[in-house]
Amino acid sequence: MTHIVVDPVTRIEGHLRIEAEVDGGSVREAWSSSTMFRGVELILKGRDPRDAWAFTQRICGVCTTVHAIASIRAVENAIGAVPPPNARLLRNLIIATQCVQDHVVHFYHLHALDWVDIVSALTADPARTAVLAQSISDWPLSSPTYFAAVQNKVKGFVERGQLGPFANAYWGHSAYKLPAEANLMAVAHYLEALEWQREVIKIHAVLGGKNPHLQGFLVGGMATPVDPDKQASINMGSIALMRGLIAKARDFVARVYIPDLLAVASFYKDWAGYGGGVGNYLVYGEYPLDDAKQPELFLPSGVIRNKDLSRVEAFDPEKITEHVKHSWYDYAGGDDQTLHPSSGETKPHYTGPEPPFERLHTEGKYSWLKSPRYDGLPMEVGPLSRMLVAYGSGHPRVKELVGTVLQKLGVGPEALFSTLGRVAARGIETLLLAERMEGWLDDLAANIGHDLRIHDNDKWSPSSPGVKPSEYCHRYEDSSLSQQILPGQAKPDHRKTGRGRTAFRDGGRTDRGA
Amino acid sequence: MSDSDRWFLQELESRGVSRRDFMGFCSAMAAALALPRSAAAAIAAGIQKTDKPVIVWLEFQDCAGNTESFLRASRPTAAQIVLDTLSVDYHETIMAAAGHQAEEALARTVKEKAGGYIAVVEGSIPTGANGAYCTIGGRSALQIAREVCGSAAATIAMGTCATFGGLPAAAPNPTGALGVGDAVPGVKNLINLSACPANVENLTALVVYFLTYKRWPELDAWHRPLFAYGKAIHDNCERRAHFDAGQYVEAWGDEAHRTGYCLYKMGCKGPVTFQNCPNVRWNEGTNWPIGCGHPCIGCAEPDFWDKMTPFYAHLQNVPGFGVTSSVDKVGLWATVGVGAAFAAHGFVSLGKRWRNAEHHPAAREKAAEAQRREDDKKGGQP
């Protein structure tokens, strides 16, 4: 038995460490550890709840919208603020932009280097690369001259001898399966996607002032005024700008990302047999389509157990618990307790080895992340969960897209429960949203012709009546999180917040297993 | 034309950038740096003749927001040249290698390029729990920072967490988080690019400044380059005329808000925040926070999570017309001003918050001060 450590896990946001026991080429045991703690929960205590979104937003600068919006909805639910239709549409556009831009970055700039061998691209034949590219898409940047120029660029880079972020990697390893031409095509699109993401994210700058950490959010609505007759508001000029950016987003996703995904996946079909995960899927749901208290959602919420797509259960927030048996926290009532996030506790207590260290005490506590459970079970969250719940709930476009992808890859539905399925689901969700966004932009353009409201001003002042405990959940493009807000017992004119956060993605073990 | 010039121009062309585009970029950089047009040639020469400077990018208690900002580097195609001109030897979020191989790359650079590389730091450095609040490869952020920044030619602290401690250092600073300057005192050539996140235009300008002049720019009292932090946002704000005319937004979405009036009454911290946000803007000049209709939250200033909150409480005693002259003077006034804002919006919670502060000396001081004021207030009541 060999004990291996991978730390840092790179090309992610945050600090992650993996320790594993390997025997005869198989992983027998594995531990995932978050190695960084800031204490945002503790920092938020006692602050003005209207400020909280800016604090929680900084939990992640990659998914820079989701923690902000989760916080805002929690406060809105607590004080009974009702954001007007314009705010709902602006938020849908912001969340969808985040998802589309970040999924493409995830595929090309974070994940692709596990599948694409950059050095192999140097031996590709540009003419054959062009034939390959043209056979899978009508994307115009596909001539032999173009691919030769990209190859020269890479060659110049390699010959100069400073490989920068590509140094000391795994190039030439037998796990890389793409032919040289596919590698060259993918490298070209890695560079194109780098330009593309910078363009598309300008939608966030229009609606939130900047990206990352856009600033246009408000409890009760949005700070972005709308008025077709004003220069300093969202008007037809800004809508035209966003329309162009959405078209650009959709075009690249449909003509580059999806064809690349299918082409790359066809060489890695054996990955349909790896990465099965826990087989339970949880989705909070997102993109309200109306302004009712329980709105219809474009992507539905729900729970699937044991990979059974025929049964999608209703999601019940009361069933979430957090465990610290293996996390560096103490619970006042003992570490065997399971606490609902609304009564959650965050008392850090490090009991691991003093740095520098070689190994964590994996038999005891070993991570800064708590272990969240739903109805006592570990759950998978993220794009695969969302697509499975939508599929199981009969979402027509999701069913169509999933069917097309499975058919093109020549694999059955069981392939969804795997690494390959996860990669495919991310692409399907990206296409789905890239297609949907223009509709929300049309709705916004139509609505601001007669409705200029962006905010529920009645609930803005701290002296507004009516505060109740609440919980609001927000689906998140790579994990799921919920935030709870508790009204303070102090003066009624100065609401205080206590706040917890439940992140399912990287959580660790309980006594009942990972 | 020398061989190296020819090589450089070929290199540019292979990247799809014409000589004209490149010179255009250099002129734009000259303008951004407030230099005469003739400086463009000097900048171009600076970029061409230098070997790729090596960058080591460390992430500690961070959110990768500054990395994302870095990926948004604007000035189309030419910025890519500047960034390609750097060799980013270590950067967790983008590098291909992981684990031991990643750490090996870092160790090699630190050893072989000792004294010659630039360290960029993103995120704060925790001093509590013997450094266990942030470890990478089993080493604490503090151990890594001491080694890597200690051997660097210069250290660029990117973002408010790395410069001043930022969010993790907000009261009660649960992990004893500090900025690089405080955590690793005496680090050579420390340049702070504060803001949350730092604007990549300022990083690009900083690098070009260095390549052009072979020295680092003039800094303010907080080690921030004057070319980017020399003036208050308020003094360059496109809505300043409305402030001077007494035209203010009173409610979100009202006529004044839609017209683009001043956000001072909604809590804007532009008068006490020093940054070139209104000039360079964000995402290739698309917009900036005040431009979208939200007040400035003061994210470039030390302790802004404590000093500038509540975000929607307006500053007291903002001077009337004219330009605010110096950062030191305004900085002092701002503390008093924001303190007064706190008084108006409820001392009790702040007193409680600061009393919890255990680690940060500044937070302890503030706690003591808030406690004194609270006691005075109680004592003054009948």
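Where does each of A:258-268, B:267-277 land if you order them by average Cβ count within 10 Å, highest first?
Values: A:258-268: 19.6, B:267-277: 26.3.
Descending mean neighbour count gives B:267-277, A:258-268.
To the nearest 20 debye, what charge dipole does segment A:26-103 have about its Cα centre, counting +1 at the Cβ of each Lys and Arg and -1 at the Cβ of each Asp and Glu?
Details: 9 positive and 6 negative charges, 15 e Å.
Computed about the Cα centre, the dipole is about 80 debye.
Let me make sure I get this right: for segment B:138-208, a, b and c are the square roots of the gyration tensor eigenvalues over alpha carbons, sorted descending. Under 1.5 in a/c it's rounded, otherwise prolate if a/b > b/c, else oblate. Which is it? Numbers along the way, then the final one.
Numbers: a/c = 2.24, a/b = 1.17, b/c = 1.92.
The shape class here is oblate.
Taking +1 at the Cβ of each Lys and Arg and -1 at the Cβ of each Asp and Glu, which of A:323, A:274, A:289 sits farthest along the dipole of segment A:264-325 towards its positive end, judged by Cα position relative to the Cα centre?
A:274
Place a +1 charge on the Cβ of each Lys and Arg in chain A and a -1 charge on the Cβ of each Asp and Glu, then give the dipole magnitude about the Cα centre in debye, rounded to the nearest 20.
Rounded to the nearest 20 debye, it is 560 debye.
Just to verify a number: FRET efficiency for residue A:152 and residue B:219, C-beta to C-beta distance, R0 = 41 Å, to 0.05?
For R0 = 41 Å, the calculated efficiency reads 0.50.
Can you pull the mean other chain C-beta count within 10 Å for peptide A:99-111? Each step should come with its number before you reach the end.
Numbers: counts 0, 0, 0, 1, 0, 0, 2, 0, 0, 0, 3, 2, 0.
Other-chain Cβ atoms within 10 Å of each residue's Cβ, averaged: 1.
Per-residue mean of other chain beta-carbon atoms within 10 angstrom of the beta-carbon, peptide B:227-237? Working shown, then result.
Working: counts 0, 0, 0, 0, 0, 0, 0, 0, 0, 0, 0.
Counting Cβ atoms of other protein chains within 10 Å of each residue's Cβ and averaging gives 0.
Obtain the nm distance between the two label points defined at residue A:251 and residue A:3 by a simple spin-label model: each point lies 7 Å from its Cα along the Cα-to-C-beta direction.
It is 5.5 nm.
Indicate the gyration tensor shape class of chain A (rounded, prolate or oblate), computed on the Cα atoms with a ≥ b ≥ c the square roots of the eigenvalues: a/c under 1.5 is rounded; otherwise a/b larger than b/c is prolate and the rest oblate.
Numbers: a/c = 1.75, a/b = 1.17, b/c = 1.49.
It comes out oblate by the Cα gyration axes.
Starting from the Cα of residue A:177, step 7 Å along the direction of its Cβ; do the same at residue B:250; then give the gap between the two resulting points in nm.
6.8 nm
Evaluate the relative contact order of chain A (contact order divided by residue number), counting alpha-carbon pairs under 8 angstrom at least 6 apart; express in whole percent.
Details: 909 pairs, mean separation 114.1, N = 514.
Value for chain A: 22 percent.
Any chance you could run the full-extension gain for residue A:363 through residue A:114? It's 0.36 nm times the residue separation minus the Cα-Cα distance, nm to one decimal. Walk me through the numbers before you get to the answer.
Working: separation 249, 0.36 × 249 = 89.64 nm, distance 3.05 nm.
This chain segment gains 86.6 nm when fully extended.
Quote the relative contact order of segment A:257-360 in percent (integer), defining contacts as alpha-carbon pairs under 8 Å separated by 6+ residues.
Values: 108 pairs, mean separation 16.2, N = 104.
In percent, rounded to a whole number, it is 16.
Taking R0 as 41 Å, what FRET efficiency do you get between residue A:29 and residue A:314 from their Cβ-Cβ distance, rounded to the nearest 0.05?
On the way: r = 35 Å, r/R0 = 0.86.
E between residue A:29 and residue A:314, to the nearest 0.05, is 0.70.
Would you please put B:221-231, A:405-415, B:189-199 in order of how densely packed they are, using the mean number of other Cβ atoms within 10 angstrom per residue and starting with the highest? Mind showing how you got there, number by number?
Details: B:221-231: 19.3, A:405-415: 14.9, B:189-199: 26.6.
So the order, starting with the most tightly packed, is B:189-199, B:221-231, A:405-415.
Please report the relative contact order for segment A:1-88, taking Cα pairs under 8 Å with a sequence separation of at least 6, and give it as a percent rounded to a whole number. Display every interim value, and only then the final one.
On the way: 97 pairs, mean separation 14.5, N = 88.
Contact order relative to length: 17 percent.
Go through A:425, A:239, A:137 and say which Cα lies farthest out towards the positive end of the charge dipole of chain A; charges sit on Cβ, +1 for Lys and Arg, -1 for Asp and Glu.
Checked the options; the winner is A:239.
Which links in A:210/B:269; A:293/A:399; A:269/A:370; A:307/A:347; A:230/B:231 stretch past 24 Å when you go from one Cα to the other?
Numbers: A:210/B:269 17 Å; A:293/A:399 28 Å; A:269/A:370 34 Å; A:307/A:347 35 Å; A:230/B:231 29 Å.
In this structure, A:293/A:399; A:269/A:370; A:307/A:347; A:230/B:231 exceed 24 Å between Cα atoms.
Taking R0 as 22 Å, what FRET efficiency do you get between residue B:101 and residue A:351 from their Cβ-Cβ distance, rounded to the nearest 0.05? List each step's numbers first, then the result.
Details: r = 30 Å, r/R0 = 1.35.
Computed FRET efficiency for residue B:101 and residue A:351: 0.15.
When you look at the Cβ of every residue in A:191-202, what mean number of other chain Cβ atoms sits within 10 Å? Before the final figure, lay out the partial values.
On the way: counts 3, 0, 0, 3, 3, 0, 3, 9, 5, 0, 5, 8.
Per-residue shielding by partner chains comes out at 3.
Computed from the coordinates by the stated procedures, all read-outs in this text should not be read as laboratory data. Nothing here was measured: the structure is a model prediction, and the numbers come from that model. Every residue, glycine as well, gets a Cβ built from its backbone with ideal geometry; the counts of neighbours run over all protein chains shown.
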